[in-house]
Amino acid sequence: MKILAAVDRSEISRTVLDMTIRIAGGIGAEVLLINVAPRASDALGQQIKRKVISDPVPEELLDRRELLDTHAAELTAAGIDCETLLIRGNAGRTLLREAERWGANLIIMGSHGRGALYKKVMGSVSEAVLQGRQFPVLVVPAPGAA
């Protein structure tokens with residue numbers, strides 16, 4: 001079993017990580033821990049191809065790399081095989097593409113519980129993943145979300 005777990009710099013990531021440890025540890029699953037950074041421009045002002053961030057990590061993404069490393073250390077300490085991926089792109093589409101590329105059986109991600117106006121203007125990553133999914137998705141609600 002392979003689980004893709006999406007984390008960001010919000011408080012919901014702690015809950016996503018805890019849920020990932022409980023599920024992956026219980027069934028002996030491998031985990032791909034992923035953080036999707038905003039797109040970077042290629043030709044014509046758009047990101048055209050997949051952009052995996054590797055060493056040296058740009059200064060503006062160091063906190064994301066540290067987050068992945070910290071969470072990966074927790075998974076490893078819990079006896080869970082873990083890989084990390086820091087990548088640039090549209091969050092919803094990138095999560096779906098990487099889950100398919102890696103052969104994930106499950107995506108675990110958080111929902112920030114933002115309001116309807118925010119979703120209308122900015123969109124919702126969890127909704128985009130749910131709409132485009134081809135395999136199970138576990139959406140962990142934000143603390144206090146109704």
Check: Where q = 0.17 Å⁻¹, what log10 of I(q)/I(0) comes from the Debye formula for region 1-109, counting one point per Cα?
Finding: -0.76
Check: Based on the Cβ-Cβ distance of residue 100 and residue 77, what FRET efficiency does E = 1/(1 + (r/R0)^6) give at R0 = 41 Å, to the nearest 0.05?
Finding: 0.90
Checklist line | FRET efficiency, 1/(1 + (r/R0)^6) with R0 35 Å, evaluated for residue 142 and residue 90 via beta carbons | finding: 0.95
Item checked: Karplus-derived 3J(HN,Hα), 6.51/-1.76/1.60, for each residue of region 60-73, Hz, glycine and proline x -> 5, 10, 4, 5, 5, 5, 5, 4, 4, 5, 5, 5, 5, 5
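Report the FRET efficiency, 1/(1 + (r/R0)^6), for residue 51 and residue 22, where r is their Cβ-Cβ distance and R0 is 41 Å, rounded to 0.05. Mind dumping the intermediate values first?
Numbers: r = 32 Å, r/R0 = 0.77.
It comes out at approximately 0.80.
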Check: How much length is gained if the chain between residue 62 and residue 11 is pulled fully straight, taking 0.36 nm per residue apart and subtracting their Cα-Cα distance, in nm to one decimal?
Finding: 16.6 nm
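Any read-out appearing in this document is the output of simple, stated calculations on the displayed coordinates, not a laboratory observation. Remember, it's a predicted structure, so these values are computed and weren't measured experimentally. Note: ideal-geometry Cβ built from the backbone for every residue, glycine included; neighbour counts use all protein chains shown.
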